[in-house]
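Everything on this sheet refers to the single structure shown next.
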DNA sequence: GCGCGCTATGTTAGCGTCAACACGAGGCGC
DNA sequence: GCGCCTCGTGTTGACGCTAACATAGCGCGC
């Protein structure tokens, strides 16, 4: 910076003003400084700036696992949105223990300006965790809470769409293959399912539960089949994939004997066999809203926001009329 | 830090020595300082340290997209390995343009100590890019190059395993559904395929090419079927999924009429229909080797390493004897 | 008992940046 | 013409940390 200042014949402070786009700089001076910066290949030193200003221009992302395709998609959306806002993104994975507090600890050590928590088991994002680290937070897919921003997909609405579609096809019973009990998204999808059933005057069966993996979907499907299910709403696409295999191996056909709907609209879903009817989540919108909420909070002290991103049903070939 | 020093009755420098595990500290003093640190909830300020030492303890990861399941798995492995070594990980996604230079630029701005480049189109990681940013680099799945560390999966070896398996089942022709031309991994898998064919004295057909997505696999499969393929080695699992669907829609059965092998052993592959025979990549090993190579380079000035991680064939139900 | 070397600790200075304040030059109202 | 404001710019110091050097105390050999 001193070199740039010397070359442009100004003080370091003026260089700083140019870098930070201060209006208090004569256009001609600005041009001179900019020329000097590019001649010298000057790059502001982030650590020094962070030391001075107390801001690192970095946000953290806490995610339990990237094995789930949905999480990966979200990560990408968040990374892109953060970059667009001029923030770096650092990713912290939860260990096997799923220790959210430890993750916050690590982020706080690093001095991020804020963090986004993905889809984490609800009860784990505790006030104590926040206090300890003192981080500004936006949580994705979590119950509304005034202590931090919340951005969610309209899981329940999406689930209702799926169930209504099946009912519209004449199914008189819709089984649900739910996600893990600790997940907010899973609970919401389950709620949408049972509400849609109630509205149609249909009884809800006990749900069968998986852990988001296709293997768990396959394992759970036998229980569903034993109950004579003709329509299954799975809480995500990967579990639906497991169901598809289980149905085929039981000698039944989809959608002739059993209709299946998923959730997420993962890239591969269109090439499942048969192509999967599913509820599409708008991951990109979710990611950019989350980043926007966080950055607005950091930069403008905006109060904790709450936003819901709508879904839509994508009908393919895994659903058909009831026999 | 000053507060900690005061409370422990020592100078700031001694606190620094305790934090940095210097041996030159009396055990009793150390204990006093540690007590003071924990009483006060002291946390070293990374930006200040970075300013002083010139190291940020942060590494960057450059990845084109996370839509591919393999990339996501790698990201997680890298994140965990970096955390274990005490480094933060910041992720940079390539824009639609795939501009590697811009990605390095962003990482250099952030002052990372080094970067890992995932599976990037070979020719894009150019010397010019490196020069500009002056970053220490480890590239995953790229041709050997002394300018940076390289860690790769044994793609060719894995491909040979797959082809040999098919030949062993009596197939007299093995078609290949290759990945994009720009990808090193794709080229290596293709090389393994053609070498295995040559060794068996079998002619290689022209490959059909996809872009790693299941949709491209589905589209490409019709050409393969038109040629009367009985055995297809797809360059990744997702494309294999597309092939599986195409075969079924053509009224043929896997593996009765056509055997299919994938590459990666993605979590879902075991629940494709039928469960997919595939080549397993050890993403965790790959990630931790890449991080180890990079961090050793940063901390110990170790020379650029070159490592190959072996694969193994996982036989499931998508392959069977030739008719 | 003197000097030497070793250990434990302190002191000083500066990493690159920006907030706060200072200052000179010019414009404006009366 | 005087005071006052605005604009463009410079000067100073501090953010929290650690490298380098300085110092004090102690044991040891002779």
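The values are calculated or read from the model by the stated rules, or taken from the named source; none is laboratory data. Since we're looking at a predicted model, the values are computed, not measured. When we count neighbours, we look across all protein chains shown, and the Cβ atoms used for this are built from the backbone with ideal geometry, even at glycine.
Here are some notes:
- Output for the range A:148-200, where each listed residue is part of a strand (DSSP E or B) and over 16 Å from the mean Cα position of the chain (by Cα): A:175, A:176, A:177, A:178
- Conditions (1) more than 12 Å from DNA strand D (Cβ to nearest atom); (2) surrounded by fewer than 20 Cβ atoms within 10 Å (Cβ to Cβ); (3) within 14 Å of another protein chain (Cβ to nearest Cβ): number failed by residue A:3: (3)
- The range B:189-217, residues that are more than 14 Å from chain A (Cβ to nearest Cβ) and closer than 24 Å to residue A:268 by Cβ: B:189, B:190, B:193, B:207, B:208, B:209
- Odd one out for residue A:215 among (1) assigned to a helix (DSSP H, G or I); (2) under 23 Å from residue A:144 (Cβ atoms): (2)
- The single condition among (1) within 30 Å of residue A:268 (Cα to Cα); (2) near DNA strand C (Cβ under 9 Å from one of its atoms) that residue B:63 does not meet is (2).
- Criterion (farther than 16 Å from residue A:274 by Cβ, within 14 Å of another protein chain (Cβ to nearest Cβ), touching a strand residue (DSSP E or B) at 6+ places or on another chain (Cβ under 8 Å) and part of a helix (DSSP H, G or I)) met by exactly one of A:220, A:240: A:220
- Within the range A:256-286, the set of residues being assigned to a helix (DSSP H, G or I) and within 11 Å of chain B (Cβ to nearest Cβ) comprises A:267, A:268, A:269, A:270, A:271, A:283.
- Qualifying residue in the range A:14-23 (condition: within 12 Å of DNA strand C (Cβ to nearest atom), more than 21 Å from residue A:135 (Cα to Cα) and at pLDDT below 90): yes
- Only one of B:206, B:246 that is over 20 Å from the mean Cα position of the chain (by Cα) and over 22 Å from residue B:321 (Cβ atoms): B:206
For every residue, the table says whether it meets (1) out of contact with any helix residue (DSSP H, G or I) (no Cβ under 9 Å at 6 or more places or on another chain); (2) buried (at least 19 other Cβ atoms within 10 Å of the Cβ); (3) over 25 Å from residue A:67 (Cα atoms).
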{"position": "A:163", "(1), (2), (3)": "no, yes, yes"}
{"position": "A:175", "(1), (2), (3)": "no, yes, yes"}
{"position": "A:185", "(1), (2), (3)": "no, yes, no"}
{"position": "A:195", "(1), (2), (3)": "no, no, yes"}
{"position": "A:199", "(1), (2), (3)": "no, no, yes"}
{"position": "A:207", "(1), (2), (3)": "no, yes, no"}
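- Checked against (1) over 23 Å from the mean Cα position of the chain (by Cα); (2) within 14 Å of chain B (Cβ to nearest Cβ); (3) surrounded by fewer than 17 Cβ atoms within 10 Å (Cβ to Cβ), residue A:300 passes all but a single condition, namely (2).
- Of the residues contained in the range A:32-46, one or more are found to be near DNA strand C (Cβ under 10 Å from one of its atoms) and within 25 Å of residue A:135 (Cα to Cα).
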